[in-house]
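**Student:** Before I ask anything, let me first share the structure, which is written out below as structure tokens.
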């Protein structure tokens, strides 16, 4: 998955870290599970919020790295569709950019609801199919099994969560050129090639010079920071990423 071995010097770092920053106010206390925790950089952020963090990842290498970096967190090697925890074990669960990688997505959602307490909360993110545009239902990312529209994601969570609120994660509108190649190529095709070429030229410079040029041209740093991402319901039709906040797991309808 994308998060394992994530390089903090790349634009992907703040994109992923922003989801944990969004989740922190929701998990300020209690036991919180990070499913597909990768190298575990989010576990420390959850712990700093006052939570007792647990992590699971299917990759042994990722789990070992997460353990080494987070001495306060318990990290296990486990499949998200077969979590090694008793029913009602956690107050909250986060799982970012996970469900799109799975064949058994229904089983995954049921398992998340199973290990949540009655008033538990789930925060889950996944690419927005309206933005990524799968071809005949097949994601262009070869590592993804399925990508959801907002309506599809809501329907996937509905059997297992009494309440689901969807938000879109997107860059602040000040950033006319996002720092990701695919999105830049799309902008170029839409007639903004000059802006893309300017961004790429600045990106080749040492970072202080690139930031200076970007601030002169656009009024912001070249690469977004965590605080430059927003999470709003109004962005569901255009945001690259969907974020679902599910509350009150439903177990009476959960199938074995």
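**Student:** Consider residue 130 carefully, then state whether it is assigned to a helix (DSSP H, G or I) and in contact with a helix residue (DSSP H, G or I) (Cβ under 8 Å, 6 or more places away or on another chain).
**Tutor:** yes
**Student:** Considering 165, 144, which residue is under 16 Å from the mean Cα position of the chain (by Cα) and either without any contact (Cβ under 8 Å) to a residue 60 or more places away in the chain or part of a helix (DSSP H, G or I) (or both)?
**Tutor:** Checking each option against the conditions leaves just 144.
**Student:** Right, something else. Look at the stretch 168-202 and say how many of its residues are in contact with a helix residue (DSSP H, G or I) (Cβ under 6 Å, 6 or more places away or on another chain) and part of a helix (DSSP H, G or I).
**Tutor:** Final tally of qualifying residues: 5.
**Student:** Can you tell me which residue in the stretch 147-162 is surrounded by the fewest Cβ atoms within 10 Å (Cβ to Cβ), limited to those that are in contact with a helix residue (DSSP H, G or I) (Cβ under 8 Å, 6 or more places away or on another chain) and assigned to a loop (DSSP other than H, G, I, E, B)?
**Tutor:** Per the criteria, the residue is 159.
**Student:** Let me ask something else. Tell me, which helices (runs of 4 or more DSSP H) wholly within the stretch 11-77 include 3 or more residues that are more than 15 Å from the chain's Cα centre (by Cα)?
**Tutor:** By residue number, 41-48, 60-69.
**Student:** From the list 136, 141, 70, which one is out of contact with any strand residue (DSSP E or B) (no Cβ under 8 Å at 6 or more places or on another chain) and either in the same structural domain as residue 41 (by TED's automatic domain parsing) or on the phi < 0 side of the Ramachandran plot (or both)?
**Tutor:** Going through 136, 141, 70 in turn, just one is out of contact with any strand residue (DSSP E or B) (no Cβ under 8 Å at 6 or more places or on another chain) and either in the same structural domain as residue 41 (by TED's automatic domain parsing) or on the phi < 0 side of the Ramachandran plot (or both): 136.
**Student:** Oh, and also: Listed residues 231, 180; which is surrounded by 15 or more Cβ atoms within 10 Å (Cβ to Cβ), closer than 21 Å to residue 23 by Cα and within 17 Å of the chain's Cα centre (by Cα)?
**Tutor:** When all the criteria are applied, what remains is 231.
The values are calculated or read from the model by the stated rules, or taken from the named source; none is laboratory data. Small disclaimer: the values here were computed from a predicted structure and weren't measured. Don't worry about glycine lacking a Cβ; one is built from the backbone with ideal geometry, like all the others, and counts go over all protein chains shown.
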